[in-house]
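Here is the structure we will look at.
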Amino acid sequence: MRRNVFIGMKQNGRGLELTLGNFLRSAVSRNPEQKIYYQDKEIFTYAQFYRRVVNLANALVKLGLKKGDRVAVIDWDTNRYVECYYAIPIAGGAIHTVNIRYSPELIYYTISHAEDSFIVIRDEFVPLIEKNKELFSFIKGWIIYSESGKIGSSLEPKYNYDDLVKDEPSAKEKGKDVDIYDSAETSLPSTSEDDIATIFYTSGTTGLPKGVTFTHRNLVLHAVSLMSTLNEPPMSISSKDVVMPIVPLFHVHQWGFPHWVLSKGLPYVLPGRYNYALILKLIEKLHVTVTAMVPTILQLILMEPGSEGILRNSHLRIIIGGSALTEGLTKRAEALGLTVVGAYGMSETAPALTVSYISKEIEHLSPEEIKREITSAGFPVVLTQVKIVDSEMNDLPRDGKSIGEVVARAPWLTSGYWKMAEETEKLWRGGWLHTGDLGTMDRYGFLRIVDREKDVVKSGGEFVPTIILEDIISAVPGIMEVAVVGKPDQKWDEVPVAFYTSKEELKEDYLNREMDKFVETGRIAKFWKPVSFIRVDSFERTSTGKIDKKPLKERVRGGS
Ligand code: AMP
């Protein structure tokens, strides 16, 4: 007999609740045979994936997970991580995606601040915890997995992940496939679309990381909005696409991929720990057509030996976010036949706020003008309200010139920071979410981020928008990556200094001449011209792979 208690199936007065359980059931019932790949080692159909999710959710409840509990996950980008993305919220909990690029102290801090009750952890991260296991007396259970199948560890009580997700023996005994609708258990709690489904931490420039939370409803609406936006050209996602994001699952819901890819019913490839040679091999072998990453990762993939041939044949379409897409990087990608589009958002916004696409508004523009829009931060996605305001919250004109703070509203922005009421109030002052980013919006509604408020260089009372300046410098032949910071100056308060990477040292004379050309053509004001260029072997990165400007600022301020 068919059970009529489906996971998260609760209806409200408006119809089916926007829960991740309902979202997943719809995705799986529409495309049960579609595949999820862990590298090229393991393949699961959506139907198998669903059963593993339901088994894990049931197991968590049996182990003692209570409604509202947080469950941490510590892993690379794997199919198991995506299973947790669904199983934990379906079991009534919130998944805490732990930033594994944080220092151990920050990892410990975020786990204790979130007061996680269980931890799902890959074996290679276990020693990190064992070293200080006395800090984790509040953890009710460790769910460990290992590709070797053995889970030797001193952490107690411990459970083998793969035992918990295994198909029910009864189904196997019967020798027939389990009906995916019947596999739900009545023991699962009913979830509401307003329950918190995720929590993760975002680092401010100062102070401790802040936790942001999102509800089932936030995530479902975010996915639906992204899907409708990505249907537009040039991404034009279709049933022929194979998707492999190179955005860590610990970082802002991997920009929504674990949700929208399943709903769209596409093959979804998880590359595990990032290894650029393997990533290129997967692109080639599994015919990946769509990906996403921060500019730095694209830069690293382009530098990988053998990348050119593979990428040239791939016709990959790449969503670039997290930092601005520079002219230099766009040119290098396009030379290989890749399509790159810009997108913008932040941890607090789930993350999507804007994505570039060829909207009705810009269809009539010249190819060059369209390219400029497509590589901007993008156009507000469906259901968002994004605008640029001055310090008194007055709207600034959409003229592509007026610089102000980007503020936003959407049905999926975080309602606030976990256990930080004061910070939450600041984030939401005036009823809009304050991004702390400075930008311009042009008459077609496309956004360009010109700086973080904290990074802007103020010279002689005027702004030098460092992101715009970096974009321009990135196109100088020989420059690979560039970061501009302000150096204290007695006369002007601050003057810009450019740090760059390049294969060979570039003469200061040459760089100055190139800058003079930009001044002559009016692309930069004279006072934007960096007073010096400093070559570095590589940049320090933040925990999410962006260039870390903090050490550069310290260096120009007289530190090391
Ligand atoms: P995070 O919260 O770590 O995801 O970082 C979000 C920040 O990254 C934003 O507030 C921006 O400062 C920056 N960012 C994201 N996308 C872009 C973009 N397309 N252009 C420039 N900066 C961006």
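Bear in mind these aren't lab numbers, they're just calculated from the coordinates by the rules spelled out. Keep in mind that this is a model prediction, so the values were computed, not measured. Here Cβ is always computed from backbone atoms with ideal geometry, including for glycine, and neighbour counts include all displayed protein chains.
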>> Given the options M293, L262, V456, identify the residue whose Cα lies farthest towards the positive end of the charge dipole of the chain (+1 on Cβ of Lys, Arg; -1 on Cβ of Asp, Glu).
In response: L262
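State the extension gain, in nm to one decimal, for the chain segment bounded by R14 and M393, taking 0.36 nm per residue of separation less the distance between their alpha-carbons.
Value of the extension gain: 133.0 nm.
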> Any idea what the alpha-carbon Rg over 2.2 N^0.38 Å comes to for the chain?
Replying inline: 0.99
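What translational D, rounded to a whole number of µm²/s, comes out for the stretch 457-556 from Stokes-Einstein when the hydrodynamic radius is the Kirkwood one over Cα pairs, at 37 °C and 0.692 mPa s?
Numbers: Rh = 13.8 Å.
Estimated via Stokes-Einstein, D reaches 238 µm²/s.
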> Quick one: length gained pulling T45 to S228 fully straight, 0.36 nm per residue minus the C-alpha distance?
Replying inline: 63.5 nm
>> Need one number: nm distance between label points at S154 and K419, each 7 Å from Cα along Cα→Cβ, rounded to one decimal.
In response: 2.7
> For the stretch 325-432, which trypsin sites (Lys or Arg not before Pro) are in a loop by DSSP, counting at most 13 other Cβ atoms within 10 Å?
Replying inline: K401, K419
> How big, in percent, is the set of alpha carbon pairs in the stretch 3-202 lying more than 28 Å apart?
Replying inline: 25
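What shape does the stretch 275-322 take by its C-alpha gyration tensor, where a ≥ b ≥ c are the square roots of the eigenvalues and a/c under 1.5 counts as rounded, a/b above b/c as prolate, and the rest as oblate? Show your work: numbers first, answer last.
Values: a/c = 1.73, a/b = 1.23, b/c = 1.41.
Here the stretch 275-322 falls in the oblate category.
With charges only on Cβ, +1 for K and R and -1 for D and E, what is the dipole size of the chain about its Cα centre, in debye, rounded to 20?
I would put it at about 760 debye.
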> Dipole of the stretch 3-202, Cα-centred, from +1 at each Lys and Arg C-beta and -1 at each Asp and Glu C-beta, to the nearest 20 debye?
Replying inline: 320
>> Starting from the 7 Å offset along Cα-to-Cβ, what nm value, one decimal, do you get for the label separation of K401 and Y274?
In response: 3.9
> Which residue, chosen from A483, Q34, Y201, occupies the Cα position most advanced towards the positive end of the dipole of the chain, where the dipole is computed from +1 (Lys, Arg) and -1 (Asp, Glu) charges on Cβ about the Cα centre?
Replying inline: Q34
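Give, rounded to the nearest 20 debye, the magnitude of the charge dipole that the stretch 471-560 has about its Cα centre when Lys and Arg contribute +1 at Cβ and Asp and Glu contribute -1 at Cβ.
Around 200 debye, computed over the stretch 471-560.
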>> Rounded to two decimals, what is the ratio between the C-alpha radius of gyration of the stretch 275-452 and 2.2 N^0.38 Å?
In response: 1.14
> Once label points are set 7 Å from the Cα along Cα→Cβ at both K131 and E284, what is their separation, rounded to one decimal in nm?
Replying inline: 3.7
